[in-house]
Every structure is written in structure tokens, then in C-alpha cells.
Amino acid sequence: MLNNKISKAVRLAIAFGTASTAVFAANSIAAEEGVEKVERIEVTGSRIKRFSEVSPTPVTTITGEELSNAGITNISDLLQKLPSSGVGSAPTTTTNTIFGAGINTTDLRQLGEGRTLVLVNGRRYVGASVDNPAVDLNGIPTEMIERMDIVHGGASAVYGSDAIAGVVNIILKKSQDTMDFNYKKSITEQSGGEEESFSFTFGGESDKISFITSLSYSETEQLEAQDRDFLRNPVSGMLNPDNVSDTDGIPQNILATGEFAGLQTLGYYDRAGDAFLPDGHVVFGDNGEFSPVIVGGVTRPAPNNQLRYFGDGFSNGYKFIEHQDLATPLNRFNVFTNIVNNYADDHSMNFEVSFSKASAYAESSPIFLAESIRSDNAFLDPAAKAQLDEADRDSVTIYKLASGFGNRTYEDDRTTLNTTLSFQGLLLEEFDYEVYFSYGRNKNDTTWNGEFLTENFNKAIDAVEIDGAIRCADRDSDGSLVGALDGCQALSLFGLNGASQEALDYVTTSASISKVKQQQVIGGVISGYAFDMPAGGVSFALSAEHRKETGSNEPGAAMQNNLVFGNFVKAWDGEFTVDEIGVEMSVPLLVDAPFVDSLSLELAARYMDYSSVGDNVAWKVGFNYAMNDELRFRGTKSKSVRAPSLSQLYSAGTQSFASYGDPCDQTNISTASDSKKANLIANCQAAGIPNPGTTVGDWRPSDDWRSVTPPSVNSGNANLQEETSDDTLFGVIYTPTENITLIADYWSFDVEDAINSLGAQRVIDDCYEASSLDNSACDLVDRDPTTLDISEVRNGPYNLASYSLKGVDLEGTYKYETSYGSFNFRLLASYLEHREFNTDVSSEGYEPTPTVGEVRYPRWQGNLTVGYTYDDLYVGMIGKYRHSTVLDREWTAENNNYNDVPSYTEWSINGRYTVSEMLEVRLGVSNLFDITPPRNPGTYDEGEYYDVYGRRFNLGLNLRF
């Protein structure tokens, strides 16, 4: 009878596409003194140890061998190919990110990387930083991975907070008795983006003590836009000169063609500095002299008259492609050790320690300057001064890309330490137990180079000649010159090399921030059989966990005191603790009944008490129903939660700049709806605005305010509460033979109280559209008492958003054995039926926005793996498919002619040959057919969903001793 049940268990495990773990389960069957003994194993998605991998929640497994076959050096690269997973942070998505450059995370269901819980060996791992609770996958050495289990569904009832979209559980090797040296090299067909990695893994095994240690290093080079031929001819849109009206059936915007195609040089912000003098558009020389701009063969003003572009030849102006990165360079060094001590029968101690150091480098364009220079500036050429005097102008605005001051670079160094001490074993020969303590620490040091000291810069550009020397002007409150500023070095903005080194040293500096996150976890699990029922034994698992997370954000003095040109950041620190207790039960209801091979009820609940948001309960109810050996049904209904992160709670403030309007601007009052106008008039009058909404009321913000992007401050919100998600899963598994498995899973998620920032404009509108100024939104808005301009808006996260999505996942596996080798096929596909996002469920007028079919959310995504094995040879192909989409669902043929984005299919091929017991060789080609991103504005240079590296050639060697 036991053999029969084990056979069914193994077969059902194969049905889930996890043959490798099925073999593990089968191999645990051992004859001992004539009695068959079966080892229970823990399955991701449940803490109950079972005889097989049958679970009511869908689980996709990727083995370490599959990672090797795919030629992967970073596990995030393979996770991104899964239809159910979006791209979180990655080198191709953090090229312009000041903090977090080069981080690799995953994003199940594209609900946000913070809503996917990543575990290592079933336990929590410290997050990437205080700003990002997601685990940085750079710190997980690929060579150490036994397998990865991806749970597609809410799992907070089992694992606690963050598991709203699902769980990625990375199972690492515990020991080995060989020494392995691995080398991998990836070369792009076009230059840039090359990757190289080395690893050395060794270990030992005995009856009492086993261990494994791995050291690895990888280096990925920077990929710049100018390295790729398909980006040297950019794609852009322009106003259609043939369009007559909004209803003529002719697109208002079209792809730029003819003389307007490939516009890549903006007719402003030249490196030498350009300006509009009375006699025309000029560019400056080092001595303040000027000459007409060079337009590259033909002057090409854009038809919409909003921007001016220059030609393809040599020209002045700002060349976009020279300052666009496609992928951040990244260096990684990892050390991992695991030691197992079987100190007694059925009892063992496990110690894990990992250390990771990742260094990323990001680069952006030099600072853009649009500065008003006085006509008496000592560096200005006399001929230019004469033109200004003749036109009765006392200043000129210079547009300059400050290349002579150097590019702005960001150096991001992250170190991560994670240790775990655990004890596990068997109590009373009935109950499995584990107790564990984990400590993790992440330190993130970021340095800006090439930043301007704002006060010094403003002093230095006001240069005058005093006693035959060029000095920084000292002026009184009326702007009259009264002398020279001591210690100041006058700065020339004219030309490529007009600035002296002394002046550059006076106005430039470096800025830095140091961030530290720490996590301490202590917990335990006990599982086994509680009691017997007619259909079998009731299994259970009890778990408890205490977790403490602390974080700090310490900017350097330049940033914290707002001394640099850019955004200030305030220092902060914070912590929270959480105590959890959970219970799971698997209750067999029927077995060997008519039309029922087995039927079980799956129950789980978890109580969580947070110091930050209070207590909450997550739960799950599911079933497993096997009609026979071939057909099985499964389903769950669950509630999951996500608590706010440290930075969402405690961030003290980071300056940003956002375009927003003033509701008290007369033009806005005059166009406001009748339902809002009365409140606007009353509140603006109460704020000191003169005669708002009247015939004599023509108040507008100052010209200075309207000509710039006003500042706002983003900070945390200590009053945040947890997010909640209700998800439903229902699946069918059909296994007609041991070689064929077909799976279909329907899923839906409804996330409420999702954390989202309102934005500066929304905060201002909520303030002035209310019945009075006595409201919480107005506490976030400041006005200058003299000019009455809005001086600051404080924006933060709130529990106001919601997500709703549903779809179907499909999986098919087929294995075909022949006398000349075996063929393996695996298809993963996901169909997105419905997806909506509402930024604010609390206010009228904010309706859910449907996004299915837009670029980020295609209807269909798929992944096909085809493998062939013959003796020591393996050859495999991996195909990735994204269905056709649109840029924006709201656009019609009347809007433009480039909304439709075609489907995208990318293939890679990899081979492996075992030359001997000591040598294995791997060869592969990624993006075999060199497929480029779709040629649409917004996608042609998109590295998040499409491959921007192009065709790459991969080589790998493994030496084993």
C-alpha cells in the first residue's frame, strides 16, 4: 500500500514539472531492517513536510542544471524570461537611477518588486537597501543554487508580509565532495555590455560534517546607446502638418520622416554655450567671443515649433545619444559557506554565511545650465556687450551643457552580509522541527561626482573687472557693485575651456549618502501528523517568528544642507518589529472513493503584530482533488498583507522637482468647474491672494515661478497601514502519461489600500478645492508671504491605491525518448485578461485605469524551452514571446500613427558537452537572430522588456576535480 502511495506521489510531483525534486523524493525511500522508510520534504508554499510536491498553490521550479544550460550568470536574467514575472530593478532599468544602480530584483505579476517575497532556503534574506525591501539577487551565487521555486499566488498565511504576488524560494546546495572551477564569457556582436565571470566551489562530505564554499566574481561592462547601430537613428514623433482638425481622421502626430527623421541633436545647450543675441543664435568661444551656430548642413526646426533640432552633420547643440546609457556597469564578488553538523541521530546543526560586494557605476550628462549673465560680465566679448547695449538689454541667457566641468557620475557600492544558524531534526520520531536565527546587514554607499555648490556657483558667474583683475562681484541689495568677494574664484561659462581649474575647484564638489539596513530574525517550525481520520492522517505545521528591521539614511553635509545643485536629502533612521505565529493543516477528506482518488482540505492562518501598523491576520483555504492518476484539480482563496517599508514610514524628506500649477492662478480659477470654483475663490482669498475670481482679480504667480520647475519634498508617512490582497487560484493538472503534463491555472488579485504617492499637483488641488483651508492637505503646502508663490509642497505615500488583475497561466511539458537521445519540451505561457489600477479610491473622479494590452502589460507572454540530450551532449533553445501591444489604450488613429507596437520574439541557443569527468564545455548564442526593440517612440530604446544588447556569444568552461 505504501509503495502504491509513493508511486502516486512521485507521479504527481512530475505533473508539476519538477522531475528533479520528484527523483529526490523517490530516492529517499530506503529499506531499513525490512521496513520501508519515507522522508518527508518541505515544499515551497507550505511549511508542512509532505511525501511529495503536491501543493494547492502553483509552483514553477527552475533547477540549477537549467540555469547552467541557459548560460546564466545572474538568476534575475532567467526570472525575467518567465511570463508571470516582470522586470524589477536591473542594470537596464537603473541607468538613470542615483540610488540602486545595478540592483537586480524580480517582480511577480508586475505588482511591484516590494510585493514579491524572496526567500533563501525558506527563510528571509535582508533587503537591497532601506529604500528597497526587495532582495538584491546579485548576492546569490548562481553556482550554489540547487533549484528555485516560484509560487504564483499570495502566501502571507505561510510566510508573512510582502508575499502578495508570490514567493521566490532559492534553495542552495548544502554540500559537495568535489572542487569546481567555472569560467563564463559573454561577448556582444557590437561593442559594449560584455560580461565575464569566475567561480571556485569546493566542499567535503562525511557522516558527521559536510560543507560547501563558493567564491565568485563577475564583471559586466557599460552599454551605451552609441554602441548600437539601431539607436544611432532615433525614432521620434512630430506634429502632422496635414492634420486639419481633431475629427478629420488624420493623425495629429506622426513618425518623424524625411528631413525630420533621426533628430538627435537639440538646437540648445551646446557644450560651449549658446545664446540668442539681437543678431541671431550664436555659440560662444573660450574668450567670450561668439559666432553663428553650426546647424549640421540644414536648419531643421521641428514642425511643432516647441523644440529646434540640428542636422546630421557636424553641428552645435546637445547630442542625446552621447549621454544615454542602456545598461549600468556592474561588478560582483560573492562568498558563500554552508556547514552541516549531524551531531546526533536525527538532529543536525546548519550554519550559513554569505557576503556580497557589488559596485555599480552610472553616468549622466553634465549639468544643464540656463543662466542669466549680466552685460557687464568681464568674460563677455566686447562685441557681444555692444550688441546687448544697442538692444538696451542688461543681460543674456546662456544655454550650456557644462561638459568642461565633467560628467555627473554616480558610484554605488553595496555590501551585504547574511548569516543563519539553524537546528533541525526529528522529535519523538514523529515531528520535524527547525529553529533558526538569522542576521543580515546591507550597507549602501553612494557618491556623486561633478556636483555644483550652488552658492559658490552663483557668486562665481557674476564676474567683473576690478583694478585690472577679474573678480567675483559683491553687490548691495539694489544690485550695485560695491567691491569684490574674498575667497571667490570668478567662473567663465563661455566656450569649451573658458573656465579656469581654480574656478572649477571652487564651484564643484562630491556629495555622498550612506545607508544601512539590518534585519534580525529568530523563529521555529514544528510539523507532523496530528491525528488520524478515515481518509488518512491530518498534517500540521506550527511556526513562530520574531523579526526586527532597522535602517538609517545619512547624507553628507553637502546634500543634507542643500549646498549642491540638485536635490537635498535629509537624514533619518527608524525601526520596526513584528511577532508572528502561524498554523497550517492538511486534512484528508476522501480517498479511494468513486471518482475520487484523493481529496484534501488545505488551511493556513498567520497572526502578525507589527510595532508600526498594529496587528493583522492572513489566511488561506485551499483544496487538492485527484480524480485519478491522470486528472487533478487544485484551488485556493487567500488574504495576504504587505506592511510598509522603512523608508515609506520614516524617510525625512528628499527634494524633487515637479511641474504643477497654482489653483489660485486666475487662469485656473476661470476655467474651473462650477462645483469647485466657489471653494477655490474662498480658499485663495483666505491664503492672501488679492481678489481671486473677480473681474479685477488677475493675480498670477510670478514670472520667475512660472519659468522654472518648482520644488517639492517627498517624505515618509508614519501613519501608513498595511496593504491587503485577496487572491483566488484554480487549476487543472492533466497527466495522461509520465512524459506529458498539461497545467492550466486561473488567478485573480485584488489589492486594496495599496501604498501610492499622490503627487504635488494632487496635494495642492486637495488643499484648495476643500471646503476650507483647515484640512490635512493644506498642512503640506507653503506659500511665500511676500510673492505669494507656492514655495514648497510636501508629498508622501498614502494607502489610497488599488490593483485588480486576473488571468490564466499555462504550462506544458513533454519528454520524448529515442535510441538517439531524448527531447524535452517545456512551454510556459500567461494570458492577462484584466488589469486595472486606481491611484486614489477615496476621491470621486479617479476611476480605475485599464492597462491590459499596453506595452508593460501584453495580453500574452510565453517562454518555450526545447532541449535535446544524447549521452554527454546537451543542446537547448529558449524562446521568449511578447504579444503585440499599444503605447496607450486611450490613443486612437486620430492621435498618432505609431501607437501599435508589434509582437516580439527572441531566441537563444545553448549547448553543453561533457568532454570527461573533469571537463565540461558550454557554448551559446543569446538573441540568436539579433532582434531589436520595436521601432516606436518609447520602445526603440527600451531595455526593460526588450533586448538592447543584441546578439551575444557565450562561452563556458567547468573543471571538476
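The values are calculated or read from the model by the stated rules, or taken from the named source; none is laboratory data. It should be emphasised that the depicted structure is a prediction, and the values quoted were computed from it without experimental measurement. Neighbour counts are summed over all protein chains in view; Cβ atoms, including those assigned to glycine, are modelled from backbone coordinates with ideal geometry.
With the structure loaded, tell me whether MET559 is under 29 Å from the mean Cα position of the chain (by Cα) and not in a strand (DSSP E or B) or whether it fails that test. Show your work before the answer.
Details: under 29 Å from the mean Cα position of the chain (by Cα): yes; not in a strand (DSSP E or B): yes.
So MET559 fits the description; yes.
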The listed residue being assigned to a strand (DSSP E or B), closer than 20 Å to PRO663 by Cα and polar (S, T, N, Q), out of SER804, SER772, SER791, SER822: SER791
Test GLY425 against the stated conditions and say whether it is closer than 30 Å to LEU542 by Cα, surrounded by 15 or more Cβ atoms within 10 Å (Cβ to Cβ) and either touching a residue at least 24 places away in the same chain (Cβ under 8 Å) or among the hydrophobic types (A, V, I, L, M, F, W, C) (or both). yes
I'd like to check something: does the stretch 397-410 contain any residue that is at pLDDT 90 or above, among the small types (Gly, Ala, Ser) and more than 30 Å from SER46 (Cα to Cα)? no
Can you tell me which residues in the stretch 501-512 are surrounded by fewer than 20 Cβ atoms within 10 Å (Cβ to Cβ) and at pLDDT 90 or above? GLN501, GLU502, LEU504, ASP505, SER512
Under the condition of being within 30 Å of the chain's Cα centre (by Cα) and surrounded by 18 or more Cβ atoms within 10 Å (Cβ to Cβ), which residue from the stretch 863-882 is farthest from ARG835 (Cα to Cα)? GLY876
Does any residue in the stretch 68-79 that is over 20 Å from TYR217 (Cβ atoms) and not assigned by TED's automatic domain parsing to the domain that holds LYS185 come within less than 6 Å, Cβ to Cβ, of a residue that is part of a loop (DSSP other than H, G, I, E, B) and modelled with pLDDT under 80 six or more places away or on a different chain, and which pairs are these? none
Selection from the stretch 757-778 of residues farther than 14 Å from VAL713 by Cα and either of a type in the set (Ser, Thr, Tyr) or assigned by TED's automatic domain parsing to the domain that holds SER802 (or both) yields TYR768, SER771, SER772, SER776
Scanning the stretch 539-567 residue by residue, those under 30 Å from TYR433 (Cα atoms) and either crowded, with 20+ Cβ neighbours inside 10 Å or at pLDDT below 95 (or both) turn out to be SER539, PHE540, ALA541, SER543, GLU545, ARG547, GLU549
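Determine whether the stretch 180-187 contains at least one residue that is buried (at least 20 other Cβ atoms within 10 Å of the Cβ) and at pLDDT below 90.
Taking the stretch 180-187 and keeping what is buried (at least 20 other Cβ atoms within 10 Å of the Cβ), we get 182, 184, 186.
When the remaining residues are screened for being at pLDDT below 90, the result is none.
Taking every residue of the stretch 180-187 in turn, none turns out to be buried (at least 20 other Cβ atoms within 10 Å of the Cβ) and at pLDDT below 90.
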Of all residues in the stretch 276-295, which are in contact with a strand residue (DSSP E or B) (Cβ under 6 Å, 6 or more places away or on another chain) and under 15 Å from LYS400 (Cβ atoms)? VAL282, VAL283, PHE284, PHE290, VAL293
What single numbered condition from (1) in contact (Cβ under 8 Å) with a residue 40 or more places away in the chain; (2) loosely packed, with under 15 Cβ neighbours inside 10 Å; (3) under 25 Å from ASP432 (Cα atoms) fails to hold for SER527? (2)
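Would you confirm, using the coordinates I've provided, whether PHE198 is of a type in the set (Phe, Trp, Tyr), farther than 27 Å from PRO934 by Cβ and more than 27 Å from the chain's Cα centre (by Cα)?
Numbers: of a type in the set (Phe, Trp, Tyr): yes; farther than 27 Å from PRO934 by Cβ: yes; more than 27 Å from the chain's Cα centre (by Cα): no.
Judged against the criteria, PHE198 is not a match.
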Need pairs with beta-carbon distance below 6 Å; first residue in the same structural domain as GLU66 (by TED's automatic domain parsing) and within the stretch 898-914, second among the basic types (Lys, Arg); sequence gap 6+ or separate chains. TYR904/ARG882; GLU906/LYS880; ARG912/ARG922
If we ask which residues in the stretch 179-207 are of a type in the set (S, T, N, Q) and either part of a strand (DSSP E or B) or on the phi > 0 side of the Ramachandran plot (or both), their number turns out to be 6
Can you go through ALA682, ALA744, ALA678, ALA760 and tell me which one is of a type in the set (Gly, Ala, Ser) and within 30 Å of VAL613 (Cα to Cα)? ALA760
In this structure, is ALA327 modelled with pLDDT of 85 or more and over 17 Å from ASN233 (Cβ atoms)? no
Where residues in the stretch 455-482 are surrounded by fewer than 16 Cβ atoms within 10 Å (Cβ to Cβ) and polar (S, T, N, Q), which of them is nearest to the chain's Cα centre (by Cα)? ASN458
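Tell me the residue from VAL855, VAL841 that is modelled with pLDDT under 95, of a type in the set (A, V, I, L, M) and farther than 25 Å from LYS880 by Cα, please.
Working: VAL855 fails: farther than 25 Å from LYS880 by Cα.
Going through VAL855, VAL841 in turn, just one is modelled with pLDDT under 95, of a type in the set (A, V, I, L, M) and farther than 25 Å from LYS880 by Cα: VAL841.
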Looking for something surrounded by fewer than 16 Cβ atoms within 10 Å (Cβ to Cβ) and free of Cβ contacts under 8 Å to residues at least 60 places away in the same chain - is there at least one such residue anywhere in the stretch 798-818? yes
